[in-house]
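The values are calculated or read from the model by the stated rules, or taken from the named source; none is laboratory data. Note that the structure is predicted; figures quoted are calculated from it, not measured. Cβ: placed from backbone, ideal geometry, glycine included. Neighbour counts: every protein chain shown.
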Amino acid sequence: MNLRKCLVIASLALGGSLLATGCVYRINISQGNFLEAKMVDQVTLGMTRSQVRYLLGTPMVADTFHPDRWDYLYYFKSGKTQKVDRQLMILFFAEDKLIRIEKPTGAFRDPKIPAVSGA
């Protein structure tokens, strides 16, 4: 009878721990420059660095070896689905003027907005 009681307790403990692992809360992870499509559409060739910085903010990556290249990167990982959304836009400058824009082909889509809790 004592062995049976130990087996029941062990199986209940194992079952309880398996149920508890499914209830783990995973937060959304949002990093980088949150760029909306309407902001990206306003960027045009010939703009100065200060105009671009005013419109888009400070670039995520500032490379000391390539000071004429600004990388705007956005990364969003949903906690529930573990799905990752990445967007990258690269701007190239020459003599303080924007000369080239690299972004995803097609229309720039708005990134997912991270959920705000406790507000």
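How many of the residues making up region 84-100 are more than 12 Å from Asp68 (Cα to Cα) and β-branched (Val, Ile, Thr)? Give the derivation first.
Pass one, region 84-100, residues more than 12 Å from Asp68 (Cα to Cα): 84-89.
Adding the requirement that they be β-branched (Val, Ile, Thr) leaves 84.
Summing the residues that are more than 12 Å from Asp68 (Cα to Cα) and β-branched (Val, Ile, Thr) in region 84-100 gives 1.
Looking only at region 74-119, count every residue that is part of a strand (DSSP E or B) and either at pLDDT below 75 or surrounded by 11 or more Cβ atoms within 10 Å (Cβ to Cβ) (or both) and tell me the total.
Summing the residues that are part of a strand (DSSP E or B) and either at pLDDT below 75 or surrounded by 11 or more Cβ atoms within 10 Å (Cβ to Cβ) (or both) in region 74-119 gives 19.
Just checking, does region 63-70 include any residue being at pLDDT below 90, in contact with a strand residue (DSSP E or B) (Cβ under 9 Å, 6 or more places away or on another chain) and under 30 Å from Tyr25 (Cβ atoms)?
For region 63-70, residues at pLDDT below 90, in contact with a strand residue (DSSP E or B) (Cβ under 9 Å, 6 or more places away or on another chain) and under 30 Å from Tyr25 (Cβ atoms): absent.
Looking at region 44-57 only, could you name the residues that are over 19 Å from Arg86 (Cβ atoms) and in a loop (DSSP other than H, G, I, E, B)? Walk me through it before giving the result.
Initial filter on region 44-57 (over 19 Å from Arg86 (Cβ atoms)): 44-55.
Across region 44-57, the qualifying residues are Thr44, Leu45, Gly46, Met47.
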